[in-house]
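To keep things clear, I will list the structure first and then write my remarks on it.
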Amino acid sequence: MQTNTSSLQFDVKPNANPMPEAERLEAFKNLGFGTLFSDHMAIIRWSKGKGWHSAEIKAREAFAMDPAASVLHYAQAIFEGMKAYRTADGRAVLFRPDENARRFNDSARRLALPELPEADFLAAVEQLVRTDAKWIPSGEGSLYLRPFMFASESFLGVRPSTEVIFSVIASPVGPYFKGGAKPVNIWVSEKYTRAAPGGTGDVKCAGNYAASLVAQAEAYANGCDQVVFLDAAEHRWVEELGGMNVFFVMDDGSIVTPPLGGSILPGITRKSLIELAREQGLNVREEPYAFDQWQADVASGRLKEAFACGTAAVVAAIGSVKFSTGEFVINNRENGPVTTRLREALTSIQRGATNDSHGWVRELAGI
Ligand SMILES: *Cc1c(COP(=O)(O)O)cnc(C)c1O
């Protein structure tokens, strides 16, 4: 059935010292985000003459890196974020992994990194999940998968690296926001922007996150959970959060989300929710939405709900919004009905509870 099979042969070397089962199950009782890691990692190496080679699954361990490794100096690095779920009936599934594989190559091209054939990306992810299948928590948890690629050549000149490492690590996770699915408070960054036209805002490169940290710190300092960025040119249009796309729900039941114009990351959660909302009969418009309009719409009652979305948090209602000269409240107490309905529609597909009529779920048979 599979037309696109990987030609790489993974050398699988089991971890000689895996975490004891009792310790793992104890750790599963109190999962955070990205603090606990599974026993193994996937690695594929690339060099200019040889192409992709030496595919391995092995015990998770440190990379030996030369101090001149170019990623440490020029940040030629990209990543993806995806999840494996354990369904209520015991299957192991991935959600739209082909979309991650495709987007990874969009990121690679923008950062002048080599493209990894989609079948090889998927094979690495699947091999790791199979090897570490017992690391997929059941219930509310999931196994967060982090594929990434970086420039490993020792070289201080400025040019694309001729040596690259692709790797996948896995981290069992609980809910992204502490305190569960309560609405989050967000800070509007008026000083810092995340992405500019012609920049790297529409790909998942490490540097985007480095540039967002100071704005995120400003959000925390102001008692907020997350930061929302405005556009770089006019500081007027709402773009997205540091790592999540954003939606607005209007009183006529329509939904607005900023259009992908080169400075917004094309989220797979965003794309899936647009499709699910349309299937629920909602009118979804991808159109620019100004921050002053947002304030006016909350004041007039035209805006009913707002939420952020991404793989890690899935759907998070926005409770209130704070900025240098004021704040406004949307709904701090609970998630709104449209947010709740969309969140449930998506999570029930991801967790295999609903019939997957879209073909979004990829089952890993036999684990
Ligand atoms: C990864 C990411 C998202 C969400 O993308 P998903 O595919 O839904 O996980 C949104 N914004 C930014 C900046 C991101 O890096």
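The values are calculated or read from the model by the stated rules, or taken from the named source; none is laboratory data. The structure displayed is predicted, hence computed values, not measured ones. Here Cβ is always computed from backbone atoms with ideal geometry, including for glycine, and neighbour counts include all displayed protein chains.
Can you pull out the strands (runs of 3 or more DSSP E) entirely within region 49-157 that have at least 2 residues that are within 14 Å of SER167 (Cβ to Cβ)?
51-59, 77-79, 142-151
Select, from ARG45, ARG24, the only residue that is of a type in the set (Lys, Arg) and more than 30 Å from GLY201 (Cα to Cα).
Selected residue: ARG24, the only one of ARG45, ARG24 that is of a type in the set (Lys, Arg) and more than 30 Å from GLY201 (Cα to Cα).
With the structure loaded, tell me whether GLY326 is closer than 17 Å to VAL238 by Cβ and either in the same structural domain as ASP89 (by TED's automatic domain parsing) or more than 16 Å from the ligand (Cβ to nearest atom) (or both) or whether it fails that test.
yes
I'd like the full set of residues that are farther than 25 Å from ARG110 by Cα, within 14 Å of the ligand (Cβ to nearest atom) and in contact with a Phe, Trp or Tyr (Cβ under 6 Å, 6 or more places away or on another chain), limited to region 244-287.
PHE247 - this is the single residue of region 244-287 that is farther than 25 Å from ARG110 by Cα, within 14 Å of the ligand (Cβ to nearest atom) and in contact with a Phe, Trp or Tyr (Cβ under 6 Å, 6 or more places away or on another chain).
Can we say PHE307 is away from the ligand (no atom under 16 Å from the Cβ), within 16 Å of VAL249 (Cβ to Cβ) and outside any helix (DSSP H, G or I)?
So PHE307 does not fit the description; no.
Are any residues in region 319-340 surrounded by fewer than 13 Cβ atoms within 10 Å (Cβ to Cβ) and either polar (S, T, N, Q) or at pLDDT 95 or above (or both), and if so, which ones?
Those that are surrounded by fewer than 13 Cβ atoms within 10 Å (Cβ to Cβ) and either polar (S, T, N, Q) or at pLDDT 95 or above (or both): SER324, THR325, GLY326, PRO337.
Does any residue in region 20-45 that is modelled with pLDDT of 95 or more come within less than 6 Å, Cβ to Cβ, of a residue that is aromatic (Phe, Trp, Tyr) six or more places away or on a different chain, and which pairs are these?
Taking only residues 6 or more apart or on different chains, the pairs are SER38/TRP135; ILE44/TRP52; ILE44/PHE166.
Looking at LYS204, LYS134, LYS182, can you tell me which residue is among the charged types (D, E, K, R) and within 16 Å of the ligand (Cβ to nearest atom)?
Within the list LYS204, LYS134, LYS182, the selection yields LYS204.
One residue is enough: does region 329-341 have a residue meeting the conditions closer than 22 Å to TYR209 by Cβ, polar (S, T, N, Q) and not in a helix (DSSP H, G or I)?
No, because not a single residue in region 329-341 is closer than 22 Å to TYR209 by Cβ, polar (S, T, N, Q) and not in a helix (DSSP H, G or I).
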